[in-house]
Amino acid sequence: MAEVSVAIVLLAAGMATRMGKSGAHKLLAEFDGIPLVRRSAITATDSGAMSVTVVVGHRQKDIREALTGLPLTIIENPDYASGMASSLRAGFTGLQASGAQGILVMLADMPGISSDDLNHLIQAFSETGGSAIIRAVSQGKRGNPVILPRALNDAISRLEGDVGARHLIETSGLQVIDVEIGDAAHLDVDTPEAIVAAGGIIVV
């Protein structure tokens, strides 16, 4: 079977509102001495995806600096404060992603995701010929990342507000294939407590 092309869109534009009043940004927290957003981006670029596009918004100067030197494309989402839908739209219309048969939507605040996890998802997508939605799960519970086929591009362009891929998955009518990747599918670090519990160091 011919390889099916998958591009990664890494969402890194959010406001990090649950980090409290410290001014710290969860994506700049360090894991093994590396800012989380850079760690996530390296995981993406080390996978078998054809390209990686990072969508930035909140504190984008700091995020861009953390990504210096990596083989990826950075797209600004000026409407990042309106919610996740605007970042999905920005990523899907990016030049790097537009030619792919599937878009792997990856959240930048998930430190447990590995390149192998991403490759398992990409392989599952290839085995469907690029026609199905692929969703990471942990013990059967739906999680992230997900791969959305090109057939959903128009539906994504119509998303608004703080609506993510889950809404599309539930309403698309397409086959959904779940791929077990373990606890990493649910481990996101939205709060200072979650960062510390996951082994991270908060940088203010």
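Since every read-out is calculated from the coordinates, none of them should be taken as a lab result. Predicted, not measured: the structure shown is a model, and the values here were computed from it. Please note: Cβ atoms are built from the backbone with ideal geometry, for glycine as well, and neighbour counts cover all protein chains shown.
Looking at the square roots a ≥ b ≥ c of the eigenvalues of the Cα gyration tensor of segment 60-136, which shape do they give, rounded for a/c under 1.5, prolate if a/b is larger than b/c, or oblate? Prolate is the answer for segment 60-136, as a/c is 1.5 or above and a/b outweighs b/c. Projected label points at THR73 and THR45, each 7 Å from Cα along the beta carbon direction, are separated by 1.6 nanometres.
Taking amide hydrogens as placed 1.01 Å from N in the peptide plane, the amide H of ARG59 sits under 5 Å from that of no residue at least 5 positions away in sequence or on another chain.
Out of residues 5 or more away from VAL189 or on other chains, whose amide H comes under 5 Å of its own, with H placed 1.01 Å from N in the peptide plane? Those qualifying (amide H under 5 Å, at least 5 residues apart or on another chain) number zero. Ranked by the mean number of other Cβ atoms within 10 Å of their residues, highest first, the peptides 39-52, 133-146 come out as 39-52, 133-146. Each label point was placed 7 Å from the Cα along the Cα-to-Cβ direction; for ILE34 and THR191 their separation is 2.8 nm.
May I ask you to list, by number, the DSSP H helices of the chain whose Cα span along the axis is at least 15 Å and whose average Kyte-Doolittle hydropathy reaches -0.5 or more? Walk me through the intermediate numbers first.
On the way: long enough: 115-127 (18 Å, -0.43).
Qualifying helices: 115-127.
Across segment 186-200, rounded Karplus estimates of 3J(HN,Hα) from the backbone phi angles (6.51 cos²θ - 1.76 cosθ + 1.60, θ = phi - 60°) give 10, 7, 10, 10, 8, 10, x, 5, 5, 4, 5, 4, 8, x, x Hz, Gly and Pro being marked x.
For HIS167 and ASP116, the FRET efficiency from 1/(1 + (r/R0)^6), where r spans their Cβ atoms and R0 equals 30 Å, is about 0.60.
What number, rounded to the nearest 500 deg cm²/dmol, is the helix-based mean residue ellipticity at 222 nm of the chain, given -39500 (n - 2.57) per DSSP H run of at least four residues and division by all its residues? Spell out each step's value before the answer.
Values: 8 runs with 61 residues, N = 204.
Dividing the helical sum by the residues of the chain leaves -8000 deg cm²/dmol.
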